[in-house]
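Structure first, commentary second.
The values are calculated or read from the model by the stated rules, or taken from the named source; none is laboratory data. Nothing here was measured: the structure is a model prediction, and the numbers come from that model. Cβ sites come from the backbone with ideal geometry, for glycine too, and all protein chains shown count toward neighbours.
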Amino acid sequence: MSHPNGSSNGPFEASPLPGDAVELGRFLDAWGIKGWVRIQPHSADTRALFATTEWFLLPPEARFGKGFSAFSAPVRVQVADIKTHADGIVARLQGMDDRNAAEVLKGARIHVSRQAFPPAEEGEYYWVDLIGLEVVNRQGEHLGVVRDLLPTGPTSVLVMDCTETVDGVDKPAERMVPFVSAYIDDVNLAERRITADWGLDY
């Protein structure tokens, strides 16, 4: 890949993160000898990793990034190949053809533009779209704000930040609701609200 300043940075092209970038996982380590890398996805839903050949990478957080030197600012890369394997997901980037090249990626964080996600099926939602939504029950009572989606086998659980009053004092708390149709009445992304059949005292 050529650069205007005449220098080459291999497969990495300096590029700001898109405004709608979503972190989907990180590189674990080299896989095989032909430039493949194992990926640790952040979610069981990995469709978005396979949906685009353009990824944006950030260096690892400080606690993971000891000795990381491949790049120090966001870069854009092109995915040459990606597949599921017994080890999980493995990928190869354009311009990375041997194990030594792949090893420099260890710890780097993978981001994809939200626009590049494939459309969700009817009644299905991407976890990233649920984060930050308010959850209310059928009585209109505030249950919390979605912080995370926890996969638990065949189903997922909404993890919400909420407040509970203990001895007259409001304290931060956590509430969980299974994300299944038996308890979730409606997900309104436009209004950023989820309605659940769930009591404050459950």
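Observations, loosely collected:
- Per the listing LEU149, LEU57, LEU93, LEU130, the residue uniquely closer than 20 Å to PHE12 by Cα and out of contact with any Pro (no Cβ under 6 Å at 6 or more places or on another chain) is LEU57.
- One residue stands out among those in segment 93-150 that are modelled with pLDDT under 95 and of a type in the set (Val, Ile, Thr): the one that is nearest to THR165 (Cα to Cα), which is ILE131.
- Meets criteria (over 30 Å from ARG147 (Cα atoms), in contact (Cβ under 8 Å) with a residue 24 or more places away in the chain and surrounded by 13 or more Cβ atoms within 10 Å (Cβ to Cβ)) for VAL104: yes
Here's the yes/no breakdown for (1) under 30 Å from ALA190 (Cβ atoms); (2) part of a helix (DSSP H, G or I):
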residue: ASP45; (1), (2): yes, no
residue: ARG63; (1), (2): no, no
residue: ARG76; (1), (2): no, no
residue: ASP81; (1), (2): no, no
residue: ILE89; (1), (2): no, no
residue: ASP97; (1), (2): no, no
residue: ASN100; (1), (2): no, yes
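- Reported count of residues in segment 20-36, each being in contact with a helix residue (DSSP H, G or I) (Cβ under 6 Å, 6 or more places away or on another chain) and among the charged types (D, E, K, R), is 1.
- Among the residues of segment 147-183, those identified as under 15 Å from GLU124 (Cα atoms), surrounded by 13 or more Cβ atoms within 10 Å (Cβ to Cβ) and among the hydrophobic types (A, V, I, L, M, F, W, C) are LEU149, VAL157, LEU158, PHE179.
- Being at positive phi and surrounded by 15 or more Cβ atoms within 10 Å (Cβ to Cβ) is a property that GLY144 has.
- Here VAL112, VAL90, VAL79 are screened, and the one residue that is in contact with a strand residue (DSSP E or B) (Cβ under 7 Å, 6 or more places away or on another chain) and touching a residue at least 60 places away in the same chain (Cβ under 8 Å) is VAL112.
- Selection within segment 184-195: residues that are at pLDDT 95 or above and surrounded by fewer than 16 Cβ atoms within 10 Å (Cβ to Cβ). The member of this set that is farthest from GLU124 (Cα to Cα) is GLU191.
- Residue check, LEU17 surrounded by 14 or more Cβ atoms within 10 Å (Cβ to Cβ), touching a residue at least 40 places away in the same chain (Cβ under 8 Å) and in a strand (DSSP E or B): no
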